[in-house]
Amino acid sequence: MNECISLAHPPLPTSIEERIRSYAFQLYVRNGHRNDRCAENWREAQQHIGAALAQDGGPLPPNEPAAAGPAPTTTTASAALARSDRPRIGIAADHGGYALKSHLLGLLRADGYVVTDFGAGRLNAADDYPDFIEPMAESVAAGTLDRGIGLCGSGVGACIAANKVKGVRACLIRDRFCAHQGVEDDHMNVMCLGGGVIGYGLAWELVQTFLAARGSSAERHLRRVAKVAALEGRPDQPRTDRGNGPLASPRESAEPGRVLTGPE
């Protein structure tokens with residue numbers, strides 16, 4: 001994709017160029033990673049970001065002429081579209097994901113997203129990931145937010161906590177395919193990342209891919225998602241498998257004085 005959007009274009013101010021490149025990448029994902037559409041993606045991204053900048057009263061990108069007619073207002077259709085197609089995002093992390101959260105939060109806001117930060121608000125090695133992940137996941141489940149990003153050291157704990165909230169479909173993501181396929185086929189609405197196991201560059205690429213993806217309306221996908229949702233209505237059942245169920249109550253073993261909490 002880098003060579004795809006690094007065609008010969010006039011130099012742009014860094015902040016504007018980053019926004020255009022980010023949106024062009026989202027179009028690249030939406031269009032099925034087709035390299036033959038790169039030039040079209042770039043032009044559409046210029047128009048999209050130009051409309052957003054005009055709405056904010058800022059300059060248009062160089063060589064992108066303003067449309068004829070009155071200056072854009074808050075009711076301009078193109079400007080409204082530039083904002084309406086962006087999902088409402090929540091992000092949450094404990095100490096293990098704090099640094100990556102801060103990095104992603106800055107990139108998302110610079111890219112024009114409205115992001116709700118659920119904390120942690122400061123680095124505290126004694127904090128607990130459920131305290132931050134739960135309110136973010138609840139907001140996604142309630143429809144207050146469209147997508148959520150949960151982080152901890154490995155991403156595993158954040159994913160487990162988010163999936164305890166009814167209506168949340170969270171997954172730990174480490175590759176670009178799953179970042180968009182999880183949304184398209186499985187309607188994933190919370191993506192989890194491990195702050196201690198993923199680089200900043202890849203994390204940002206995965207976030208952009210996740211946010212650009214749209215859920216499929218194919219009958220087979222809707223049927224499967226509905227079956228997953230039906231599982232949420234079932235009462236918790238005791239697990240009989242070894243080591244994968246809820247924590248067992250301490251029990252006395254055959255050896256006097258020895259207490260077990262897991263499988264024998």
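The values are calculated or read from the model by the stated rules, or taken from the named source; none is laboratory data. Predicted model, so just to flag it, every value in this text is computed and none were measured. Positions of Cβ are generated from backbone atoms using ideal geometry, with glycine treated the same way; all protein chains shown enter the neighbour counts.
Take residue 226 and decide whether it is modelled with pLDDT of 95 or more, part of a helix (DSSP H, G or I), within 23 Å of the chain's Cα centre (by Cα) and of a type outside the set (S, T, N, Q). No; evaluated as a whole, the condition is false for this residue.
Name the strands (runs of 3 or more DSSP E) wholly within region 145-212 that hold at least 1 residues that are touching a strand residue (DSSP E or B) at 6+ places or on another chain (Cβ under 8 Å), closer than 19 Å to residue 107 by Cβ and among the aliphatic types (A, V, I, L, M)?
Answer list for region 145-212: 147-152, 190-194.
Of the set (1) of a type outside the set (Asp, Glu); (2) in contact with a Pro (Cβ under 8 Å, 6 or more places away or on another chain); (3) free of Cβ contacts under 8 Å to residues at least 12 places away in the same chain, all apply to residue 178 but (2). Test residue 203 against the stated conditions and say whether it is closer than 20 Å to residue 96 by Cβ and either more than 12 Å from the chain's Cα centre (by Cα) or surrounded by 18 or more Cβ atoms within 10 Å (Cβ to Cβ) (or both). Here the answer is yes, as residue 203 does meet what is asked.
If the condition is being among the basic types (Lys, Arg) and surrounded by fewer than 13 Cβ atoms within 10 Å (Cβ to Cβ), then region 215-227 contributes 220, 223, 227.
For every residue, the table says whether it meets (1) surrounded by fewer than 17 Cβ atoms within 10 Å (Cβ to Cβ); (2) in a loop (DSSP other than H, G, I, E, B); (3) in the same structural domain as residue 138 (by TED's automatic domain parsing); (4) at pLDDT 95 or above.
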site	(1), (2), (3), (4)
91	no, no, yes, yes
97	no, no, yes, yes
100	no, no, yes, yes
108	no, no, yes, yes
112	no, yes, yes, no
116	yes, no, yes, yes
119	no, yes, yes, no
126	yes, yes, yes, yes
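Within region 181-188, can one find any residue that is in the same structural domain as residue 129 (by TED's automatic domain parsing) and within 22 Å of residue 96 (Cα to Cα)? Scanning region 181-188, I find no residue that is in the same structural domain as residue 129 (by TED's automatic domain parsing) and within 22 Å of residue 96 (Cα to Cα), so the answer is no.
Please pick out the residue among 131, 127 that is charged (D, E, K, R) and touching a helix residue (DSSP H, G or I) at 6+ places or on another chain (Cβ under 6 Å).
Numbers: 131 fails: touching a helix residue (DSSP H, G or I) at 6+ places or on another chain (Cβ under 6 Å).
Result: 127 is the single residue among 131, 127 that is charged (D, E, K, R) and touching a helix residue (DSSP H, G or I) at 6+ places or on another chain (Cβ under 6 Å).
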